[in-house]
Amino acid sequence: MNKQQPINKMAVTPVKKLMLSLGIPMILSMMLQAVYNIVDSAFVSNIVGNGEAALNALTLVFPVQMLMVAIGIGTGVGTNAILAKNLGMGDKERVNKVAGNAIFLGAVIYIVFLLFGIFGVKAYIFSQTSNPLIRDMAAEYLSICCILSVGIVFFSIFEKLLQATGNSIYSTIAQIAGAVVNVILDPILIYGWTGFSELGVKGAAYATVVGQIVSALLGLIFHLKINREVKNGLRYIKPSGMIIKSIYAIGLPAIIAQALMSVMTYALNIIFGKIDENVVTAYGLYYKIQQFILFAAFGLRDAITPVVSFNHGMGSRQRVKDGIKYGMFYTLIIMVMGLVVLEIFAAPFSKIFGLSGQTEKLCVQAMRIVSLSFIFAGANVAFQGIFQALDSGLESLVISVLRQFVFVVPVAYLFSLIAIENMDMMWLVWLTFLIAEGLSCLVACIFMKRINKNKVNVLER
């Protein structure tokens, strides 16, 4: 018996409109993901007496937080693409198994970070700083975030399950609810408002994980109630090597892409620490502000992937081409807006966090120089989503390695040697990011030309 092609908005809605209807909720969701770190930084930076040290502690913790997001989102991206493609093919049984295996993988990921939170945090923190105050605050914050990481891990899974079926608005609602809870709890737990104990940095950690758990619970409820194209049951959660392999064939490059951000930030913390501790604080704060823009591009990428993947599975050449065209165009708009905002408001943004004179100056300098790389960075992020959707995970992985390691860490190290001798040359270090994104974009364009020829133009309609 032949399977009937399902009537699905992913197949019939004009791509220009579809990309916006899926993309806007995903963009908001990803930007809210960045809010957790920005909000925590804003509140802890104003802790009386130790605000700047607390901000430095959160900078050291940030790479592991990014790694948690990387593995959760990467697993979700693979799930998203495979599930969307099988929906396009009408294979409902495989759709159910893909969703069930994603939940199983979420449990495994949580156990890994739980163990790291218990046994690995101190070794990681101590490798970056010898300041005992910063060490203690960073270790407290990171231990809480890892041991209670169940929220961030499972929300990443349920978010992508909702997005793959075209129900991204519900994942955004869940994300907003968690962010609101985080914002409300931060001053209460950090400063001891409304009669609570004053917990300082630990309070920021508790506010973050409670917000993440709220998002995960709502994501679960929406998945069970709204995702009617997916059936749930223990038999679908039973791990399948073939399905897990297919998820990570697409998701692993996404994990590595995000994880390389973590590795890059960890390496740069060490490199910048040799220049001056203020450089670490300034870069860490700038990076969180920058992520508000970059995460918007990640959100649109997560719309590009299911749209292109679904229509590639359906065999529609024109809709795949439209997905690529509008995905790149909308990404360009986002990054131009981000560039303009940071160039204009660099100084006001830095003042929110109560930085000292030298740290504030370095942060403003970073915003105005590094943000020049946004156009290339946005194109690279969009290309990676397109490559993943067209089963070209290796090309996506290569771009990640180039833009977040090969063209960054060695160049930053060489430029840092100049800055160590003369801090007036610190601008040269910030220029590293423009060089890395520009060169990576050139390579991505070469890849796209070949993929378009071999995987898009060969489609029949």
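The values are calculated or read from the model by the stated rules, or taken from the named source; none is laboratory data. Please read these numbers as outputs of a predicted model, since none were measured by experiment. Glycine also receives a Cβ, built like all others from the backbone with ideal geometry; neighbour counts cover every protein chain displayed.
Computed values, structure above
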quantity: Residue in the stretch 414-422 that is surrounded by fewer than 22 Cβ atoms within 10 Å (Cβ to Cβ) and within 25 Å of residue 336 (Cα to Cα) present; calculated: no
quantity: Flag if residue 111 is among the aliphatic types (A, V, I, L, M), under 18 Å from residue 216 (Cβ atoms) and at pLDDT 80 or above; calculated: yes
quantity: Residues that are surrounded by 21 or more Cβ atoms within 10 Å (Cβ to Cβ), closer than 19 Å to residue 448 by Cβ and not hydrophobic (A, V, I, L, M, F, W, C), drawn from the stretch 307-348; calculated: 309, 311, 312, 319, 323, 326, 327, 330, 331
quantity: When residues of the stretch 160-209 are limited to those that are modelled with pLDDT of 90 or more and of a type in the set (D, E, K, R), the one farthest from residue 95 (Cα to Cα); calculated: 198
quantity: Single residue of the stretch 412-451 satisfying the filter (of a type in the set (S, T, N, Q) and in contact with a helix residue (DSSP H, G or I) (Cβ under 8 Å, 6 or more places away or on another chain)) that is farthest from residue 358 (Cα to Cα); calculated: 440
quantity: Residue 210 being of a type in the set (A, V, I, L, M, F, W, C) and crowded, with 23+ Cβ neighbours inside 10 Å; calculated: no
quantity: Qualifying residue in the stretch 80-93 (condition: under 16 Å from the mean Cα position of the chain (by Cα), closer than 23 Å to residue 259 by Cβ and touching a residue at least 12 places away in the same chain (Cβ under 8 Å)); calculated: yes
quantity: Of the criteria (1) crowded, with 16+ Cβ neighbours inside 10 Å; (2) modelled with pLDDT of 95 or more, which one residue 446 fails; calculated: (1)
quantity: Members of the stretch 131-153 found to be within 17 Å of the chain's Cα centre (by Cα) and small (Gly, Ala, Ser), listed by number; calculated: 149, 151
quantity: Some residue of the stretch 311-318 being at positive phi and touching a Leu at 6+ places or on another chain (Cβ under 9 Å); calculated: yes
quantity: The stretch 337-352, residues that are closer than 12 Å to residue 296 by Cβ and either part of a loop (DSSP other than H, G, I, E, B) or of a type in the set (Val, Ile, Thr) (or both); calculated: 341
quantity: Out of 31, 26, sole residue that is of a type outside the set (Gly, Ala, Ser), in contact with a helix residue (DSSP H, G or I) (Cβ under 8 Å, 6 or more places away or on another chain) and surrounded by fewer than 24 Cβ atoms within 10 Å (Cβ to Cβ); calculated: 31
quantity: Count of the stretch 426-443 residues which are among the small types (Gly, Ala, Ser) and surrounded by fewer than 18 Cβ atoms within 10 Å (Cβ to Cβ); calculated: 0
quantity: Residue match in the stretch 346-354 (condition: modelled with pLDDT under 90, more than 19 Å from the chain's Cα centre (by Cα) and within 28 Å of residue 25 (Cβ to Cβ)); calculated: yes
quantity: Single condition residue 57 does not satisfy, out of (1) more than 20 Å from residue 284 (Cα to Cα); (2) in contact with a Ser or Thr (Cβ under 9 Å, 6 or more places away or on another chain); calculated: (1)
quantity: Members of the stretch 193-210 found to be part of a loop (DSSP other than H, G, I, E, B) and at positive phi, listed by number; calculated: 200
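Residue by residue, here is whether (1) assigned to a helix (DSSP H, G or I); (2) free of Cβ contacts under 8 Å to residues at least 12 places away in the same chain; (3) among the β-branched types (Val, Ile, Thr) holds:
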{"residue": "215", "(1), (2), (3)": "yes, no, no"}
{"residue": "224", "(1), (2), (3)": "yes, yes, no"}
{"residue": "232", "(1), (2), (3)": "no, no, no"}
{"residue": "242", "(1), (2), (3)": "yes, yes, no"}
{"residue": "247", "(1), (2), (3)": "yes, no, yes"}
{"residue": "250", "(1), (2), (3)": "yes, no, yes"}
{"residue": "259", "(1), (2), (3)": "yes, no, no"}
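This table checks each residue for (1) β-branched (Val, Ile, Thr); (2) modelled with pLDDT of 95 or more.
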{"site": "356", "(1), (2)": "no, no"}
{"site": "364", "(1), (2)": "yes, no"}
{"site": "376", "(1), (2)": "no, yes"}
{"site": "385", "(1), (2)": "no, no"}
{"site": "426", "(1), (2)": "no, no"}
{"site": "435", "(1), (2)": "yes, yes"}
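Quick grid of which residues meet (1) basic (Lys, Arg); (2) modelled with pLDDT under 75; (3) under 30 Å from residue 397 (Cα atoms); (4) touching a Leu at 6+ places or on another chain (Cβ under 9 Å):
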| residue | (1), (2), (3), (4) |
| --- | --- |
| 8 | no, yes, no, yes |
| 17 | yes, no, yes, no |
| 28 | no, no, yes, no |
| 32 | no, yes, yes, no |
| 36 | no, yes, yes, no |
| 44 | no, no, no, yes |
| 61 | no, no, yes, yes |
| 65 | no, no, yes, yes |
| 69 | no, no, yes, no |
